[in-house]
Ligand code: PEP
Ligand code: CO
């Protein structure tokens, strides 16, 4: 192993789980060569800046909010849907900043989150067996042979949709949409219209006072770029490795390789095999990297992942995203926190309270309950408190719209409502109001710095 040299294609020699069965390898090759000739979506220097921000979250000086769609869709692609998602993430970030007393590092599951791992490679309905839907990067959700056949042209469509999404995000975040005063006004409107308004009012009133204090001191949100602009970094699961390789470029400043499809990439629960292709590929790119850890993860595995992905122990390089389920989190996480901390690995600890709390409702919908999601976050904080480590962030599936995919929230979604606007192309997402409920509730749980 020690003689092994990493290259953007060295993963080819290893088993790669969850890859599509492309029907025509020559056609795939043609598209990948073309993608490799296109401009990168992000710049290596940006990825390094995000590593620096995440290093603060590893040290307890910042908190990560990673959020967005389970799977972005080619069909639900519009300025409004991008704006609404950004708006919710900004609103959540203001509440969390005030409560945590540290900067919030905002990372979207956006502008490239198009590929999904599946528990089974095929799906059978009424005796008909077809390939599973693997995200719009690969095939279409409809249950026909044509829809489910992987189509390499989708890689190109995903590239272009990512570029357009990123362009609008950059415009909004730098152009005044993210102004702190304006974002707080949106939160005020949410609190005023929420059945839980009383409960949330304390935090909202605290932010009012802080803003008035700043204004009295002569700080103007409109003229101060720190308060008028925001950074929203992009991220997705690096699943379809051919696509990621095609966007991997050598940085002209440092000579290092970066996967320029997004600022941050992560390895999913189903592809984190230590000797697998996904670990190999991401071990060699300079971006900040995440790795999911589910309920079966052991302290030994967690340590081996740290050694593989961050042998240089660079703070901010590695985020471990824990997704164990509300029942297992506190006991499951503590030995992992201890092993990784004792070994001196500086990781960002993030809680994904979504993927361990999915169940099927009586109505037959795949769903999650906001109270289970909050219980897992509470358990995550408890484990960190017990071990004396910093709970570095949360990883949430949400959308800005008024969907009915998850249960609960102060404007309660009940089992009988799920069918009304169940629009996700993959996992159930919190709607805009449930996402803000989550931010205000997490604000109550957050350890104060
Ligand atoms: C996801 O983040 O959508 C996902 C599939 O998660 P996991 O790999 O943790 O199951
Ligand atoms: Co998901």
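Remarks
- One Cα centroid belongs to the stretch 112-176, the other to the stretch 350-416; the line between them spans 24 Å.
- Sequence-distant contacts, meaning Cα pairs under 8 Å at least 6 residues apart, place the relative contact order of the stretch 300-449 at 22 percent.
- Mean residue ellipticity, 222 nm, helices only, the chain: the sum of -39500 (n - 2.57) across DSSP H runs of n ≥ 4, divided by residue count and rounded to 500, is -13000 deg cm²/dmol.
- Relative contact order [Cα under 8 Å, 6+ residues apart], the chain, whole percent: 22
- The stretch 392-434: Rg to Rh, with Rh as the Kirkwood radius over Cα pairs: 0.98
- Computed FRET value (nearest 0.05) for residue 5 with residue 224, which takes r as the C-beta separation and R₀ as 45 Å: 0.40
- 20 °C / 1.002 mPa s Stokes-Einstein diffusion coefficient of the chain, Kirkwood radius on C-alpha pairs, µm²/s: 96
- Those residues of the stretch 356-392 whose amide nitrogen sits under 15 Å from the label point placed on residue 301, 7 Å along Cα→Cβ: 356
- Residue exposure proxy: 52, 69, 231, ordered by other Cβ atoms within 10 angstrom of their Cβ from fewest to most, comes out as 52, 231, 69.
- Exposure proxy order (Cβ contacts within 10 Å, fewest to most) of 269, 222: 222, 269
- Grouping the Cα pair distances of the stretch 196-279 into 10 Å bins from zero gives a pair-distance distribution of 14, 24, 19, 17, 23, 4 percent in increasing distance order.
- Antiparallel %, DSSP beta bridges [both residues in the stretch 10-445], to 5: 25
- In degrees, nearest ten, helix 432-445 long axis to first principal axis of the chain (Cα): 70
- Computed from Cα atoms, the angle from the helix 197-216 axis to the main principal axis of the chain rounds to 80 degrees.
- Potential lengthening between residue 26 and residue 122 on full extension [0.36 nm per residue; Cα-Cα distance subtracted]: 32.2 nm
- With the alpha-carbon atoms of the stretch 172-321 aligned to their principal axes, the span from lowest to highest coordinate is 56, 41, 27 Å, starting with the largest.
- Peptides 120-128, 435-443 ordered by packing proxy, namely the average of other Cβ atoms within 10 Å per residue, highest first: 435-443, 120-128.
- Pairs of Cα atoms nearer than 8 Å and 6+ residues apart set the relative contact order; for the stretch 58-112 it is 64 percent.
Only the coordinates and a few stated rules stand behind these numbers; no lab work does. As the structure is a computational prediction, the values presented were derived from the model and not from experiment. Cβ atoms come from the backbone with ideal geometry, glycine included; neighbour counts cover every protein chain shown.
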